[in-house]
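J.: I'd like to ask some things about the structure below.
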Amino acid sequence: MDKKLAGMRPERLPAWRKLEKLAREPFDLTKPGALAPKRVAAMRASAAGFDLLYATERVSPEVVKTLGELARQTKAVEQFVMMMSGEVMNEIVGHESEGRRVLHTATRHLADGPRPKPAKEEADAVEAASEELARLKVFLHEIETGALTNAMGRTFTDLVQVGIGGSDLGPRALYTALRGFWKTGRRVHFISNVDPDDAASVAAGLDLSRTIINVVSKSGDTQETVANDAILRAWFQAAGLKPRDHFICVTGKGSKIDDETRYFRRFYIWDYIGGRYSATSMVGGVALGFGLGVENFIELLRGAREMDLVALNRDLRKNLPLLAALLGIWNRTFLGYETLAILPYSQMLTRFVAHLQQLDMESNGKRVRRDGSRAPYPTGPIVWGEPGTNGQHAFYQLIHQSKTVVPCEFIAFRRSQLGLDLETEGTCSQQKLLSNVLAQARALAEGRRHTNPNRHFPGNRPSSILIADQLTPRTLGALLAYYEAKVAFQGFIWNINSFDQEGVKLGKGLAGDFLALFKASKQSLSPKGDPTGLAMMKAARLA
């Protein structure tokens, strides 16, 4: 990475300083006429089948213009181009760090889509991804035609993905979101937690003889995944089945599980694709291809590719993820709002926010800049949320009337996925759903004055609405890439490394120390060297 770029001080830029001044008096959404039709029409951006409506954000045209200047002064789009081209972007200059390229976008750079001539590093990554996709097509064709069966000649009906973090959250969210596209006679399941109840509850509903286990771990030594691999192998053996006939894996070449004697098929991922950005690689491809069909998986890739190209647009009005990133920076850094609620008004997206939570918080939950200096401004928000309208009957009370201001990002679709609906009292259920999206955004913005203080709504709660026609594989791919690009843009502007996760490692290391104490206790040995750890175990009645 360029040292000058890594040493950037965004807080010293003219646009940043102007935004600090503008933030002293943000746009008042409660004033009469604040949401005039002209503003509502003007504050809409469209691309890749999505409309981003942001009139209910606390921004004036001057703020939006200055945010665009901040993007230019921090070279946000140029940095995205550098990332896609294969320059090293996962790095803390001058300090020990991963020093890797970031090329998840190469996994959806399909030959049938728009294809600007890539740089060599990108071209190599595209070729590697294309080879894995071709191998996946062969694998799925063998299952489809009956060329690949179990030992009794019966077809496989179930696939269990065993992985955690990015090896679980993204693929699970995407599979769950596309229920209307599930292949008949196929089921996909997920095991992530080292809690044995997780594996047991999934396995209880399976015919193991007709089940494929897909173990996903780039390194091959992820503690939770290794433990679940072992317990599942034991259950297969107890059922009189050979594990090797049922187990496949997605891993890095040469990893601890890259072993043809234990896995009958192996797919590969590379160190330039981080776990939380890996859903469009074989990490998601194997499960999604099995459960949805390979053509639907490819449609998802096409949607992601379309949004990747949108992210290259230097016109802010046409670059939806950059605009969303800037609105998020305005809320987090300049207005000081600490959390972000992502609220999809689609039950199909019931697991999507959990994926976005990892994507955003693991990427931008940082306080160190890319030259190792401390960032003097707040960065990533706390991300949470649930589908609407369910959330309205759970936590919206806090969003509307608490002293804590929670910016909201609503996601909606004009048509339902399954198409089963009924008109009652003059409107169908989808219209009722959409009316609630619009009503919540307006209520949060405008509030309502009341002489009874308990019924007073202060308003000025910022939100945006991202809306598309229907949740399909292609739309979902674009939605996934939209949030990936949004998070990356924010990291570029804050000058933090959105592609490592040092915060995950400390706890994992200490867990190993506690495991040593468990082993010593089991062997009736006297643990030494960690009186605090032993005291904690005794307090929990574990030793």
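J.: Could you please find all residues in segment 420-472 being within 15 Å of L29 (Cα to Cα), touching a helix residue (DSSP H, G or I) at 6+ places or on another chain (Cβ under 9 Å) and not in a loop (DSSP other than H, G, I, E, B)?
T.: Q440, A443, L444, R448, F457, S463, S464
J.: Would you call E69 charged (D, E, K, R) and more than 30 Å from K117 (Cβ to Cβ)?
T.: Yes; evaluated as a whole, the condition is true for this residue.
J.: Here's a follow-up. Regarding segment 486-504, can at least one residue be identified that is at pLDDT 95 or above, β-branched (V, I, T) and loosely packed, with under 13 Cβ neighbours inside 10 Å?
T.: Checked against the condition, which is being at pLDDT 95 or above, β-branched (V, I, T) and loosely packed, with under 13 Cβ neighbours inside 10 Å, segment 486-504 yields no hits at all.
J.: Within segment 31-52, count every residue that is touching a strand residue (DSSP E or B) at 6+ places or on another chain (Cβ under 9 Å), crowded, with 16+ Cβ neighbours inside 10 Å and on the phi < 0 side of the Ramachandran plot.
T.: 5
J.: Would you mention how many residues in segment 364-408 are in a strand (DSSP E or B) and of a type in the set (V, I, T)?
T.: 3
J.: Give the residue that is nearest to G146 (Cα to Cα), with candidates limited to residues of segment 172-190 that are in contact (Cβ under 8 Å) with a residue 40 or more places away in the chain and over 17 Å from the mean Cα position of the chain (by Cα).
T.: Among residues in segment 172-190 that are in contact (Cβ under 8 Å) with a residue 40 or more places away in the chain and over 17 Å from the mean Cα position of the chain (by Cα), the one nearest to G146 (Cα to Cα) is R186.
J.: Could you tell me whether L169 is of a type in the set (A, V, I, L, M) and in contact (Cβ under 8 Å) with a residue 60 or more places away in the chain?
T.: Yes; evaluated as a whole, the condition is true for this residue.
J.: Let me confirm something: among H95, H104, which residue is under 15 Å from R305 (Cα atoms) and not aliphatic (A, V, I, L, M)?
T.: H104
J.: Quick check on G94: is it more than 14 Å from G285 (Cα to Cα), surrounded by 12 or more Cβ atoms within 10 Å (Cβ to Cβ) and out of contact with any helix residue (DSSP H, G or I) (no Cβ under 6 Å at 6 or more places or on another chain)?
T.: yes
J.: If you don't mind, there's one more thing I want to ask. Given the criteria of a type outside the set (A, V, I, L, M, F, W, C) and in contact (Cβ under 8 Å) with a residue 40 or more places away in the chain, does D229 qualify?
T.: yes
J.: Every residue in segment 191-215 that is out of contact with any strand residue (DSSP E or B) (no Cβ under 6 Å at 6 or more places or on another chain) and of a type in the set (A, V, I, L, M, F, W, C), please.
T.: Within segment 191-215, V194, A200, A203, A204, L208 qualify.
J.: Quick one: is F457 over 31 Å from the mean Cα position of the chain (by Cα), surrounded by 14 or more Cβ atoms within 10 Å (Cβ to Cβ) and aromatic (F, W, Y)?
T.: Yes, satisfied.
J.: To continue, here is another question. Condition first: surrounded by 14 or more Cβ atoms within 10 Å (Cβ to Cβ) and assigned to a loop (DSSP other than H, G, I, E, B). Now tell me which residues in segment 240-258 satisfy that.
T.: Correct list: L241, H246, G252, S255, I257, D258.
The values are calculated or read from the model by the stated rules, or taken from the named source; none is laboratory data. From a predicted model like this one, the values you see are computed outputs, not experimental measurements. So basically every Cβ, Gly included, is an ideal-geometry build from the backbone, and we count neighbours across all protein chains shown.
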